[in-house]
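Taking it in order: structure first as structure tokens, then the write-up.
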Amino acid sequence: MSKVVENAEILSNRSLSSEVSELILKSPEVAGQAEPGQFVMVKNEAGNTFLRRPFGVADVDGDKLTLIYRLAGKGTKELAELKAGSFLSVEGPLGHGFKLPVDSQAHICDEKGCGMRTVDAGLSLVIGGGVGIAPIIYTARKLAEAGKKPVVLLGTRNASEGFWTEYFKDFAEEIFVTTDDGSAGMKGFAIDAIPEIMKKHDIKHILVCGPTIMMEGIAKKAINDGIDCQVSLEKRMACGIGVCLGCTFEGKKSKKRWKICGDGPVFAAEEVFD
Ligand code: FES
């Protein structure tokens, strides 16, 4: 897999809510290689304020690359004004994404002899919070395509963010929604829905992307319960290619110095939280 820089045509750029927009690019080279949980650096060559900046890959469908972004400053507001037919420079795919628990090889001895055999990896729970829901769309799609539809948990602020569920309808075993104010789904935070989900489904893996506080609670619970958990870290990335060292942290378990942009953004929960 190699990184490319591609001049990608905007196929559509639409508002999903007053704060969140969806951008679909024709980007065959990047889309052809992107894995769930990876990201791209995007630059508007024609713009004034918009430096190359990171966006998680939200979805891939053929040569179409979907990015979903929160309007949070001059750059993203400038991005939201771009019309279909304009072009953006897209660099990627970058980083290491989720290791999808599809099938795993296990060393199992049986009457016929000793050998490697494929065993069922078990059910996954994919969790997204806020705009961190975006990267788990492609994650759910790839799991579903491998015959392992995941259970999906979406942590949102209120019913105005109901648009997220539409993305998962074909890829989820079941969708759970929490809202901070109880205007849709269960009232509370994503972590509050986990006991109910665990009661209903035999979850073996958790893949999560969202605000640090949300991921911390979920990761600690998973570690405590002995459930395999991967977290996708969101941090401001200046270069995105391992040069500026602005995104490093020390692994809790390995004590290694990791770069979120190059070694992540997805890590085993034990490396990030304890
Ligand atoms: Fe520059 Fe990671 S963003 S090293």
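Hey, can you tell me all the residues within region 236-250 that are free of Cβ contacts under 8 Å to residues at least 12 places away in the same chain and not in a loop (DSSP other than H, G, I, E, B)?
250
Here are some residues: 260, 223. Which one is out of contact with any Pro (no Cβ under 7 Å at 6 or more places or on another chain) and open to solvent by less than 30 Å² (accessible area, probe 1.4 Å)?
Result: 260 is the single residue among 260, 223 that is out of contact with any Pro (no Cβ under 7 Å at 6 or more places or on another chain) and open to solvent by less than 30 Å² (accessible area, probe 1.4 Å).
Hey, could you check region 226-257 for residues that are away from the ligand (no atom under 16 Å from the Cβ) and open to solvent by less than 30 Å² (accessible area, probe 1.4 Å) and say which is farthest from residue 207 (Cα to Cα)? Walk me through how you get there before you give the answer.
Going through region 226-257, the residues away from the ligand (no atom under 16 Å from the Cβ) turn out to be 226-231, 252-255.
Restricting the remaining residues to those that are open to solvent by less than 30 Å² (accessible area, probe 1.4 Å) gives 227, 229-231.
Values: 227: 11, 229: 6, 230: 5, 231: 6 Å.
Only one residue fits best here, namely 227.
Do you know which residues across region 147-163 are within 14 Å of residue 100 (Cα to Cα) and under 15 Å from the mean Cα position of the chain (by Cα)?
150, 151
On the basis of being open to solvent by 20 Å² or more (accessible area, probe 1.4 Å) and either free of Cβ contacts under 8 Å to residues at least 12 places away in the same chain or more than 28 Å from residue 53 (Cβ to Cβ) (or both), does residue 182 make the cut?
yes
State which residue is nearest to the ligand (Cβ to nearest atom) when the search covers only region 27-80 and only residues that are in a loop (DSSP other than H, G, I, E, B) and of a type in the set (D, E, K, R). Steps first, please.
Residues of region 27-80 that are in a loop (DSSP other than H, G, I, E, B), as a first pass: 27, 32-38, 44-52, 57-58, 62-63, 71-73.
From what's left, of a type in the set (D, E, K, R): 35, 45, 52, 63.
Values: 35: 18, 45: 21, 52: 11, 63: 27 Å.
By that ranking, first place goes to 52.
Collect the residues in region 126-140 that are of a type in the set (A, V, I, L, M) and assigned to a helix (DSSP H, G or I), keeping them in residue-number order.
First, pick out the residues of region 126-140 that are of a type in the set (A, V, I, L, M): 126-127, 131, 133-134, 136-137, 140.
Across region 126-140, the qualifying residues are 131, 133, 134, 136, 137, 140.
Only one of (1) without any contact (Cβ under 8 Å) to a residue 60 or more places away in the chain; (2) in a strand (DSSP E or B); (3) away from the ligand (no atom under 11 Å from the Cβ) is not met by residue 266, so which one is it?
(1)
Residues checked against (1) basic (Lys, Arg); (2) farther than 23 Å from residue 163 by Cα; (3) open to solvent by 10 Å² or more (accessible area, probe 1.4 Å); (4) in contact (Cβ under 8 Å) with a residue 60 or more places away in the chain:
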| residue | (1), (2), (3), (4) |
| --- | --- |
| 36 | no, no, no, yes |
| 60 | no, no, yes, yes |
| 65 | no, no, no, no |
| 74 | yes, yes, yes, no |
| 78 | no, no, yes, no |
| 86 | no, yes, yes, yes |
| 90 | no, yes, no, yes |
| 96 | no, yes, yes, yes |
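The values are calculated or read from the model by the stated rules, or taken from the named source; none is laboratory data. All figures in this text were calculated on a predicted structure; none of them were measured in a lab. Positions of Cβ are backbone-derived with ideal geometry, glycine not excepted, and every protein chain shown enters the neighbour counts. When the accessible area is computed, the model is the full protein with side chains, heavy atoms only, and any ligands, DNA or RNA have been set aside. Shrake-Rupley method; radii C 1.70, N 1.55, O 1.52, S 1.80 Å.
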